[in-house]
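> Here it is, the structure in full.
The values are calculated or read from the model by the stated rules, or taken from the named source; none is laboratory data. Predicted model, so just to flag it, every value in this text is computed and none were measured. When we count neighbours, we look across all protein chains shown, and the Cβ atoms used for this are built from the backbone with ideal geometry, even at glycine.
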Ligand code: FCB
């Protein structure tokens, strides 16, 4: 049984800088987003300083992602320099006593993989599995907690449905095909990681994006019905499919996965809430529509710099909704972007208080990871949103710890104990 952990999160493309072999870099070069990631936070060079900071702030764990395109910049060409880099990253985490929580896919793909059709290829999952095998061979004995995929539904939505992320598709059919490949890739990765662990501690999950939902009109049974379908689709479907081995949504899709149970714990990302209203009963309409926040006046809490509502009770609602699954829950992301650090302090305190409440009610909370350790490149939104408990001055890559880092420490030590 894993002991409780807490700390912060980053992902390779958002912090490392110069990830020029992946599809996001190519997308930025095509001018598809307002800013290019360029050096990002230069964490490829500065990781040791950042981990030292995390340690000095009391963290016991650190979640980060391995960049596939650094290990396999061309198909079948395994880049030793990339492996050596992550070896140093693991050495450094170990010397700081930080438990690594490792993500294998955080929205980016090698350019060669994308050119061959990315997640729409018939053997996409098998290609991903070759990469996972190399990672497991090399780093398997150093990692106990794995996240195979970060937010598969968000990735599909942004990349294949609305098309604002690479490959910029706008097709539900393609989105569903890519989702099938991703889930298959997860199951294969789950099997590989366990095989290489050879009985040693090894816990594997995905990071599931979750949203708290409130019906637009609490008295309307129709709004409630849409909310039920929507929250099932957004928050439950993938996790429950990976636990049953069967991906099923009436009228949308039905698929058997290659294994029955492929989650050892639940990785949960939670940020915000939406209001849902009825839109119809068939096809995508059954999931309802999102109601503008302005419509709800005083009921809406504070808003972050991206317009997302701050709704701390949501983290409680989400984690308790998995009670029947009886699996440990790791909050793999939760955070807020704001220029105003006092908002971040309130956010952290309030969310952790709700989490503590759930824990006291018997929900097995394995830990909490704040997004993010340092300000970083927020995908299509560029560098403007500031999520870090550590501020980055991009003109000279200097770091400055924000007061919220101490609030995080205090709240986490209260829940998970001091180490
Ligand atoms: C999550 C992503 C992460 C970051 C935060 C703000 O959905 O996993 O990369 O962008 O949102």
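> Taking region 315-326 only, how many residues are outside any loop (DSSP other than H, G, I, E, B) and out of contact with any helix residue (DSSP H, G or I) (no Cβ under 8 Å at 6 or more places or on another chain)?
Residues in region 315-326 being outside any loop (DSSP other than H, G, I, E, B) and out of contact with any helix residue (DSSP H, G or I) (no Cβ under 8 Å at 6 or more places or on another chain): 3 in total.
> Going by what's in this entry, would residue 248 be described as more than 22 Å from the chain's Cα centre (by Cα), assigned to a strand (DSSP E or B) and more than 16 Å from the ligand (Cβ to nearest atom)?
yes
> Quick one: in region 141-157, of everything that is part of a helix (DSSP H, G or I) and without any contact (Cβ under 8 Å) to a residue 60 or more places away in the chain, which residue is farthest from the ligand (Cβ to nearest atom)?
Looking at residues that are part of a helix (DSSP H, G or I) and without any contact (Cβ under 8 Å) to a residue 60 or more places away in the chain, I get 141.
> Name the pairs whose Cβ atoms lie under 9 Å apart, with the first residue in region 404-419 and within 13 Å of residue 365 (Cα to Cα), the second modelled with pLDDT under 95 and crowded, with 20+ Cβ neighbours inside 10 Å, and 6 or more positions between them or separate chains?
Listed pairs, sorted by first residue: none to list.
> Would you mind finding the one in 337, 412 that is crowded, with 20+ Cβ neighbours inside 10 Å, closer than 22 Å to residue 267 by Cβ and away from the ligand (no atom under 16 Å from the Cβ)?
412
> Any idea how many residues of region 1-44 are over 22 Å from residue 74 (Cβ atoms), touching a residue at least 24 places away in the same chain (Cβ under 8 Å) and out of contact with any strand residue (DSSP E or B) (no Cβ under 7 Å at 6 or more places or on another chain)?
The qualifying residues number 9.
> Taking region 158-180 as the search range and keeping residues that are surrounded by fewer than 21 Cβ atoms within 10 Å (Cβ to Cβ) and in a helix (DSSP H, G or I), which one is nearest to the ligand (Cβ to nearest atom)?
158
> Considering only region 8-27, how many residues are under 21 Å from the mean Cα position of the chain (by Cα) and assigned to a helix (DSSP H, G or I)?
8
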